[in-house]
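In what follows, a structure is listed as structure tokens, so that the remarks can point back to it.
What follows is calculated from the coordinates using simple rules that are stated; it is not laboratory data. Just so we're clear, the structure is a prediction, and the values are computed from it rather than from any experiment. Cβ atoms come from the backbone with ideal geometry, glycine included; neighbour counts cover every protein chain shown.
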Amino acid sequence: MVPAIPTHYYRRPLDRPRAAALFAAFFCADLSGWVQLLVTTWVLLHMTSAPLLLPLFMTARSLPRLAVAPFAGALADRADRLTLYRVSRMLAVAMPVGLAAAVGGHLPTAPAVLVIGAVGSLVAAIDQPARRGLLWDMAGPTRLVGSCSLSTGAFHSAAAVAPALAVVLTARLGSSGALAAAAAIAGGAPLALRLVRRLTGAALPRRPYSEAHPLGGIRYLLSTPRALALVLLTGLPGLAGRAVAIVAPTMGGAHLNASLAGTSALASAPGAGAFVAAMGLAAVGDLSDKPRLALACALAFPAFLLLAALSNSLYGGAVFLTLSGAAGGSFGTLISAMLHLRVPDHLRGRVLAL
């Protein structure tokens, strides 16, 4: 029998200073991650002669994270999530520093990049359940949509800015310098989280639940089909959104004969739309009919993509891609909020780690 969560467990609703600091932490973390990925991918493609290094690097970034996810989730169910997330962000600063050293010639490039990618994957495994669980800890059930919007908005805005930033940094500083700049950006996250702690108060006590088996989240999902469906649905916006970011420049160059500026606008449009929608949901704070609104966003997302593909105008394509980003980002936020509301708190970290 799981004890009831004490009423004092929930923090007060997110106010503007805490929301701004939390968004800054998420944005710095996501922007640094995107820049690292883009620059490292470019290095592996153009500075090495082994084409298999890129898929090996992507595998190294994924497999360790999947393997330790249940254990990282159990850790997030036992510790104060704000402290855990801050520690993970401090560890994450070392990843671009190591990559910069490898690319700069101080380490064997290919082996070092693969090892650093694997270590970074382990850090990300701790990061994910701590960050997602923190959204609940910071807001509780009444402002959950708003807190989830902060995470969604940070991710999509960073994805929109990162390609241009990576190009500028690489052109001016070189690959090693761009990765060093990514480390500096990553350092902003723990600083912002320190401010969040100061505005929030003392750390939450260790949770009193005695059972924190790493496989508890998997068992819960297998016995709760609706929660399992929500977990599967959380992956859809990421898959579709990233595909749009890849296809949009091709559409601009091949279909619309757009200039470099126009192609960049098309590539950034989905992220801009998702950011605006996320900030709108954050301002609303909560919505009573989340399932119907999520369904509407799910239907609107492919409709706007189809209109963008059929558009013969650069401006029309940009507008429809912006609207598709708003629909996709809103869908992801609402699904995440619905999952939070369904999962018991003593299992939150282990479920969200998956």
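A few notes on this one:
- Sorting the segments 323-332, 17-26, 213-222 by their residues' average number of neighbouring beta-carbon atoms within 10 angstrom, most packed first, yields 323-332, 17-26, 213-222.
- All other residues whose Cβ lies under 12 angstrom from that of ALA296 are scored, Lys and Arg at +1 and Asp and Glu at -1, for a net of +1.
- Cα centroid separation, segment 30-88 to segment 102-168 (Å): 8 Å
- For GLY140, distant residues with modelled amide H under 5 Å away: ARG11
- Three-way shape call for segment 109-180 based on the alpha-carbon gyration tensor, with the a/c threshold at 1.5: oblate
- Placing +1 on the Cβ of every Lys and Arg and -1 on the Cβ of every Asp and Glu, with nothing else charged, gives segment 16-110 a dipole about its Cα centre of roughly 280 debye.
- Anisotropy class of segment 278-347 from Cα gyration tensor, a/c 1.5 cut: prolate
- Local net charge near VAL343, Cβ-Cβ under 12 Å (Lys/Arg +1, Asp/Glu -1): +3
- Overall form of segment 16-205 per C-alpha gyration tensor (a/c, 1.5; a/b vs b/c): prolate
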